[in-house]
């Protein structure tokens with residue numbers, strides 16, 4: 001590891017060990033660089049690594065400094081999704097695991113949702129039909145997330161959000177025609193409403209049926225995914241998805257560049273070892289300055305998708321993500337989220353049952369099992 005990466009890991013471990021909450025001021029850059037015995041430039045690079053990971057944020061001014069951030073969950077989900085899309089998981093293993101975890105989440109939600117959560121969910125369901133379609137899409141996503149969160153299992157929430165992100169990518173980069181694409185979207189909305197209605201009614205059989213139908217719709221989206229099928233990405237398909245769900249479009253310039261680099265790699269078929277160009281060439285291609293490009297590249301480097309070479313091997317290269325490093329990142333996040341010894345066994349049981357039914361090797365099941373078998377308990 002580079003020195004900056006080692007400093008980043010030390011700082012991350014310190015945040016976890018101290019249990020600092022989101023918004024806690026960790027310190028000021030100059031003081032912390034001195035404390036850790038490194039130059040300000042090295043410490044700044046370590047901070048940039050953690051910023052791209054979502055663990056910290058830097059604020060300027062008299063009350064500025066380094067603070068604990070709040071979006072580590074999204075970063076880890078993105079890391080899992082990139083890996084699973086890279087190794088090209090099969091539709092069967094995707095659907096089977098999505099169905100198994102989804103069913104467990106709904107059964108847990110029936111048992112554990114508190115009265116205020118049920119009231120909020122009921123209000124969302126009542127308001128949904130009166131909303132414009134674009135708002136219905138976002139409302140339905142919030143409802144689905146609330147159902148998963150209701151299981152109160154950090155590992156389940158992480159895994160389900162990663163699988164859901166794969167479905168979202170499949171919908172954005174879809175080979176379906178407009179009529180088929182819109183029909184699948186409306187079907188998904190209806191099935192999410194059915195799941196939520198069944199949970200509120202404590203109707204386990206109806207919840208199971210709605211979950212099975214929802215997963216089948218997601219599977220069809222997965223089958224039609226340009227990413228999964230390794231087909232060229234079409235701007236018309238992405239613009240169609242962004243028009244229906246504006247939040248899907250990357251709002252910041254850095255996020256946009258990161259997404260476009262990722263799309264470039266996907267469209268090229270994930271050519272491991274391929275050189276995609278120098279910093280100067282890429283900055284010109286995406287119409288941004290090198291600082292913006294470097295920030296976008298840092299995030300992708302942390303996810304294990306690309307590496308920027310130096311010297312004779314200079315240029316951006318596609319690399320194969322390391323599942324062990326991804327599992328460790330998941331574990332560190334789950335430790336921060338308060339995983340306890342009771343959370344892992346039911347999820348491992350689902351993975352084991354699926355493995356008995358399908359004895360073929362599965363990188364999807366393997367990654368999740370590896371995470372759960374690590375010492376992630378807070």
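Just checking, which of 151, 115 is surrounded by fewer than 22 Cβ atoms within 10 Å (Cβ to Cβ) and free of Cβ contacts under 8 Å to residues at least 60 places away in the same chain?
The match here is 115.
Within region 321-341, can one find any residue that is surrounded by fewer than 15 Cβ atoms within 10 Å (Cβ to Cβ), farther than 29 Å from residue 50 by Cα and free of Cβ contacts under 8 Å to residues at least 60 places away in the same chain?
There is no residue in region 321-341 that is surrounded by fewer than 15 Cβ atoms within 10 Å (Cβ to Cβ), farther than 29 Å from residue 50 by Cα and free of Cβ contacts under 8 Å to residues at least 60 places away in the same chain.
Within region 19-45, work out how many residues are out of contact with any strand residue (DSSP E or B) (no Cβ under 8 Å at 6 or more places or on another chain) and closer than 20 Å to residue 335 by Cβ.
Looking only at that region, the number is 1.
Tell me, yes or no, whether region 246-256 has at least one residue that is closer than 24 Å to residue 91 by Cβ, under 21 Å from the mean Cα position of the chain (by Cα) and not assigned by TED's automatic domain parsing to the domain that holds residue 93.
yes
Looking only at region 169-187, decide whether some residue is touching a helix residue (DSSP H, G or I) at 6+ places or on another chain (Cβ under 6 Å), within 16 Å of residue 101 (Cα to Cα) and in the same structural domain as residue 118 (by TED's automatic domain parsing).
no
Do we find that residue 89 is touching a residue at least 40 places away in the same chain (Cβ under 8 Å), closer than 17 Å to residue 304 by Cβ and not in a helix (DSSP H, G or I) in this structure?
yes
Looking only at region 289-302, filter to residues that are buried (at least 19 other Cβ atoms within 10 Å of the Cβ) and either out of contact with any strand residue (DSSP E or B) (no Cβ under 7 Å at 6 or more places or on another chain) or at pLDDT below 80 (or both); which one of those is nearest to residue 82 (Cα to Cα)?
Only one residue fits best here, namely 300.
Only residues that are under 24 Å from residue 185 (Cα atoms) and modelled with pLDDT under 80: list them for region 235-265, please.
247, 248, 249, 250, 251
Of all residues in region 15-43, how many are under 23 Å from residue 79 (Cα atoms) and surrounded by 13 or more Cβ atoms within 10 Å (Cβ to Cβ)?
Residues flagged as under 23 Å from residue 79 (Cα atoms) and surrounded by 13 or more Cβ atoms within 10 Å (Cβ to Cβ) within region 15-43 amount to 2.
Okay, residues lined up against (1) modelled with pLDDT of 90 or more; (2) closer than 18 Å to residue 89 by Cβ:
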position: 328; (1), (2): no, no
position: 337; (1), (2): no, no
position: 341; (1), (2): yes, no
position: 346; (1), (2): yes, no
position: 351; (1), (2): yes, yes
position: 359; (1), (2): no, yes
position: 375; (1), (2): no, no
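Among the residues of region 112-128, are any under 15 Å from residue 201 (Cα atoms), more than 21 Å from the chain's Cα centre (by Cα) and not in a helix (DSSP H, G or I)?
yes
May I ask you to list the residues in region 49-83 that are more than 11 Å from the chain's Cα centre (by Cα), modelled with pLDDT of 80 or more and assigned to a helix (DSSP H, G or I)?
Answer for region 49-83, where residues must be more than 11 Å from the chain's Cα centre (by Cα), modelled with pLDDT of 80 or more and assigned to a helix (DSSP H, G or I): just 50.
I'd like to check which helices (runs of 4 or more DSSP H) are fully inside region 269-378 and have at least 2 residues that are touching a helix residue (DSSP H, G or I) at 6+ places or on another chain (Cβ under 6 Å) and within 30 Å of residue 106 (Cβ to Cβ).
Hits in region 269-378: 323-336, 344-357, 363-373.
The values are calculated or read from the model by the stated rules, or taken from the named source; none is laboratory data. Everything numeric in this text was worked out from a predicted model, so none of it was measured. Cβ atoms come from the backbone with ideal geometry, glycine included; neighbour counts cover every protein chain shown.
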